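Okay, structure first, notes after.
Every number in this text was worked out from the coordinates using simple rules, so none of it is lab data. Here the structure is a predicted model, which means the values were calculated and not measured. In this analysis, Cβ positions are derived from the backbone assuming ideal geometry, glycine residues included, and neighbour counts consider all displayed protein chains.
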Amino acid sequence: MIIVHHLNNSRSQRVLWLLEELGLEYEVKHYDRDPITMLAPVSLRAVHLLGKSPVITDGALTLAESGAIIEYLVDRYGDGRLAPPIGTPERLRYIYWLHYAEGSAMPLLVLRLIFNKIEANPMPFFVRPIARMIVGRVKQSLIEPQIALHLSYLEAELEKSLWFVGNEFTSADIQMSFPLEAAAVRAGLDISRPKLMDFLDRIHARPAYRRALERGGAYELMN
Ligand SMILES: N[C@@H](CCC(=O)N[C@@H](CS)C(=O)NCC(=O)O)C(=O)O
């Protein structure tokens, strides 16, 4: 039995969604974030030493990293579904997006989240102006322009095809959903990028996406 160690409001929602798209049976073990630090509970480290979610177990196998989990599940149980055939140009695009989501897009969005938190958190009054100035400069000169560049790139990609790999929905779209959902909540993704907004509308309307939300519980991304 596949067990998903699922942290609320997290990247692991994608794994539940994939399992629903594939129609597989699975069990969800729920973990709640600390309401102050938003970190995962220490109990998750008993499954994988880093204590991050998602992690799955499947028999004797324990696997972390959402991209690796998605690749494993599709290869092992997909029966040709949700991934282009090996050796095709589409397969390379598929691998690209699986890696891009966590390798390029998410680090920028996590940086943005951290800097937003620094700005919002209480600090001694005498450091506040300097801290705010530094945070503002890093956001303006580095983080915001990079996020805008990536969003424009992604918008242009979805002008070429319906989904990220081509006109067929693949699990790379599932992997790409989290950075785009996070960007809509915390990084200014809005209707000025209609293809990306349409992508979000289309994934949110999928029955498997909705079933996964029911299995996963609360899914409200942090800003
Ligand atoms: N690149 C990893 C990132 C895993 C990760 O950072 N997960 C977050 C949830 S969105 C987490 O577990 N955060 C809680 C913590 O760091 O304690 C993946 O894609 O699986």
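Just want the ordering: 62, 57, from fewest to most Cβ atoms lying within 10 Å of their own Cβ.
Numbers: 62 13, 57 17.
Lowest to highest Cβ neighbour count: 62, 57.
Helix 89-100 and the long axis of the chain differ in direction by around 40°, with both axes built from C-alpha atoms. Taking the three principal axes of the alpha carbon atoms in the chain, the coordinate ranges are 60, 44, 29 Å, sorted in descending order. Footprinting exposure proxy ranking of 100, 219, fewest other C-beta atoms within 10 angstrom first, gives 219, 100. Annotation for the stretch 19-62: GluC sites (Glu not before Pro) lying in DSSP loop with at most 15 further Cβ atoms inside 10 Å of their Cβ are 25. If only the Cβ of Lys and Arg carry +1 and only the Cβ of Asp and Glu carry -1, the dipole of the chain around its Cα centre is close to 740 debye. Using the alpha-carbon centroid of each, what span in Å lies between the stretch 30-62 and the stretch 90-110? If we compute the Cα centre of each part, the gap is 22 Å.
When only Cα pairs under 8 Å and 6 or more residues apart are kept, what is the percent relative contact order across the chain?
On the way: 286 pairs, mean separation 58.7, N = 223.
It comes to 26 percent, rounded to a whole number.
Of the chymotrypsin sites (Phe, Trp or Tyr not before Pro) in the stretch 104-138, which ones lie in a loop per DSSP and count no more than 13 other C-beta atoms within 10 Å? Counting only loop positions with at most 13 other Cβ atoms within 10 Å, the chymotrypsin sites (Phe, Trp or Tyr not before Pro) in the stretch 104-138 are 125, 126.
Below 8 Å between Cα atoms, with a sequence gap of 6+, how large is the relative contact order for the stretch 97-217 in percent? Relative CO of the stretch 97-217 lands at 31 percent. Counted by Cβ distance under 13 Å from residue 122, the other residues give a net charge of +2, where Lys and Arg count +1 and Asp and Glu count -1.
Ordering 166, 67, 133 by Cα displacement along the dipole of the chain toward the positive end leaves 133 in first place; charges were set at the Cβ atoms of Lys, Arg (+1) and Asp, Glu (-1).
Between helix 106-120 and the chain there is an angle of about 30 degrees, using the helix long axis and the longest principal axis of the Cα atoms.
Over the stretch 52-136, what is the mean sequence separation of C-alpha contacts under 8 Å (at least six apart), divided by residue count, expressed as relative contact order in percent?
14
Rg of the Cα atoms in the stretch 86-165, relative to 2.2 N^0.38 Å, amounts to 1.51. Angle of helix 66-77 to the longest C-alpha principal axis of the chain, folded into 0 to 90 degrees and rounded to 10: 10°.
Can you give the FRET efficiency for residue 119 and residue 213, using 1/(1 + (r/R0)^6), R0 = 41 Å, r = Cβ-Cβ distance, to the nearest 0.05? Spell out each step's value before the answer.
On the way: r = 30 Å, r/R0 = 0.74.
Approximately 0.85, to the nearest 0.05.
The convex hull drawn around the Cα atoms of the stretch 178-223, when projected onto a plane and averaged over every direction, covers 3.2 nm². Mean residue ellipticity, 222 nm, helices only, the chain: the sum of -39500 (n - 2.57) across DSSP H runs of n ≥ 4, divided by residue count and rounded to 500, is -16000 deg cm²/dmol.
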